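As structure tokens, the structure follows; a few thoughts come after it.
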Amino acid sequence: MVHPSMDSDRSTSASPSRDVGGDGPQMKKARYDSVGMEEGKLGTISEMHSTAIQEQAYILKRKFMKRWTMQDPAHGMIWLPDILKTIMDTYQFERMNNILQLGSTARVYRGATHTRAAHSIGTAYLSLELMLHLLDVQPELYEEPFNLTFRDVTCLAIAGLCHDLGHPLFSHMFEAYVQKVASKNMLAKHPEGYAATPEGAAELKKYTEWTHEQASVEMFRHMLLANPDVKRGLVDFGLQEVDFVFIEELISPPAEMGDLLGSEAVAWPCRGRPHTHAFLYEIVSNWRSGADVDKFDYFTRDAFYLGLKSSFDARRYIQSLRVLRDKRCSVVVAGAEQNLFTLSPNEKQLDSLRMDAADTRAGLHRKAYKHKTSLKLDYHMRRVLELMEPHIKIPGTGGRMMTMSEAAVEFDMEAFQYVDDSLVRQMLRTPMPELKPAQDEYHRRFSRRQIAIYVEEVELEAPMNFSKVRAELV
């Protein structure tokens with residue numbers, strides 16, 4: 001599939017001005033969401049694109065000449081730059097082929113057997129589509145103050161591909177399990193109260209604040225260290241050290257980004273790119289609204305494999321986006337306030353697109369993610385892991401033997417890279433006496449379908465904020 005921005009060689013012929021407003025053949029001012037934003041495009045595109053635009057467009061085209069293509073069930077024929085294949089061929093990326101996207105939900109919707117790897121490839125593709133679309137309709141992004149290059153586009157694609165590198169096994173169930181392990185361990189070590197001592201509070205924090213986004217950043221670093229040829233290839237392709245920092249920030253934006261939405265201007269918190277590139281941080285993991293290509297892919301992919309109808313159209317949403325100045329959001333640069341730039345659909349489609357996205361998300365949660373049987377199976381799988389974990393030791397850094405949750409919270413990627421669905425499945429088939437309680441629990445709940453019956457929901461007050469405890473009738 002060839003993106004329209006690559007159909008014409010801008011180094012040899014001028015590109016005509018485009019009608020982005022839909023009102024006629026000439027360039028006209030398009031209207032966008034005007035709440036806190038200025039109307040219109042970033043600037044006026046001249047009849048003949050500048051030399052700088054032509055040069056950067058030509059470099060981008062040449063860099064992405066070599067492509068890897070595949071037929072994707074969710075998006076049709078898709079492509080990625082050939083350089084990304086070096087990442088896909090690593091053990092760290094291959095690990096995601098052993099993690100189901102929807103975990104226990106696959107036991108309810110039997111067709112939902114797609115993996116984190118497929119989702120990550122789709123996210124990388126949509127990142128590329130979005131960036132190339134923006135550069136096609138707003139070629140002034142190649143110029144001051146943005147000066148976008150192929151490096152920015154490549155970083156977005158890599159971030160999309162690697163945003164779930166550190167995702168735990170069995171979808172998001174493992175994160176709840178880690179907190180349960182923390183509660184049990186803290187009570188055992190500190191019966192007087194597990195937040196009573198600084199040491200206990202610090203240990204508790206490791207478990208309660210663990211996220212797969214930070215784990216993905218750590219796994220990305222580990223992948224580059226474990227596969228020096230991958231980083232060497234990316235550097236030869238043209239990436240610089242600051243680009244790897246940028247990729248990490250795209251995967252897990254700094255927590256301080258939330259302060260940018262306050263009433264007062266603050267300093268720009270990112271190191272990978274300056275404040276003029278703020279809109280790039282909304283593409284893979286949107287710190288503003290959550291509307292990003294990660295969700296665009298799983299809305300489409302999950303609905304397809306679940307067999308559910310979806311009104312959301314990722315390509316339509318992407319095609320509607322433009323870069324705009326946000327007058328409500330500013331940072332302090334050299335003692336002066338500077339507005340940030342953001343992404344927004346045009347005004348005509350804004351409500352419709354957001355409603356489609358909200359309806360699709362709500363439908364997926366109601367029918368699949370929060371399906372009563374899926375929640376019960378997650379509950380049972382946490383119990384299986386609790387019985388199994390003390391007997392599974394994985395070699396980590398320096399040969400230290402670690403449990404699954406220890407490898408996670410210590411961010412020891414040498415060990416955590418082996419923690420996936422296949423590890424648990426293998427242990428469920430391994431004839432070891434100490435694993436028999438976990439195996440019996442699994443076969444009882446998953447094979448013979450003796451699933452808990454929901455009885456009641458009780459509100460509790462606890463330091464770890466485990467607010468809901470489900471009772472079980474067997």
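So for region 212-292, averaging the separation of alpha carbon pairs under 8 Å that are six or more residues apart and normalising by length, what relative contact order in percent results?
So the answer I get is 28 percent.
Students often check this: by mean Cβ neighbours within 10 Å, which of 308-321, 57-70 ranks highest, and how do the rest follow?
Those peptides, ordered most packed to least, come out 308-321, 57-70.
Are any of the pairs K206/K372; K309/K367; K61/K231; K231/K295; K327/K348 more than 19 Å apart by Cα-Cα distance, and if so, which?
Where the Cα-Cα span goes over 19 Å, the pairs concerned are K206/K372; K61/K231; K231/K295; K327/K348.
Only Cα pairs under 8 Å and at least 6 apart count here; give the relative contact order of region 53-453 as a rounded whole percent.
So the answer I get is 18 percent.
What is region 298-449's relative contact order, in percent, from Cα pairs under 8 angstrom and six or more apart in sequence?
So the answer I get is 16 percent.
Which order do the peptides 146-158, 222-234 come out in when sorted by mean C-beta neighbours inside 10 angstrom, highest first?
So the peptides 146-158, 222-234, ranked by packing, come out 146-158, 222-234.
Going by average Cβ neighbours within 10 Å, how do the peptides 429-439, 168-178 rank, with the highest at the top?
Peptide ranking by packing, descending: 168-178, 429-439.
Each reported figure results from applying straightforward, stated rules to the coordinates on display, with no laboratory input. The shown structure was predicted, so the numbers you read here are calculated from the model rather than taken from an experiment. Positions of Cβ are generated from backbone atoms using ideal geometry, with glycine treated the same way; all protein chains shown enter the neighbour counts.
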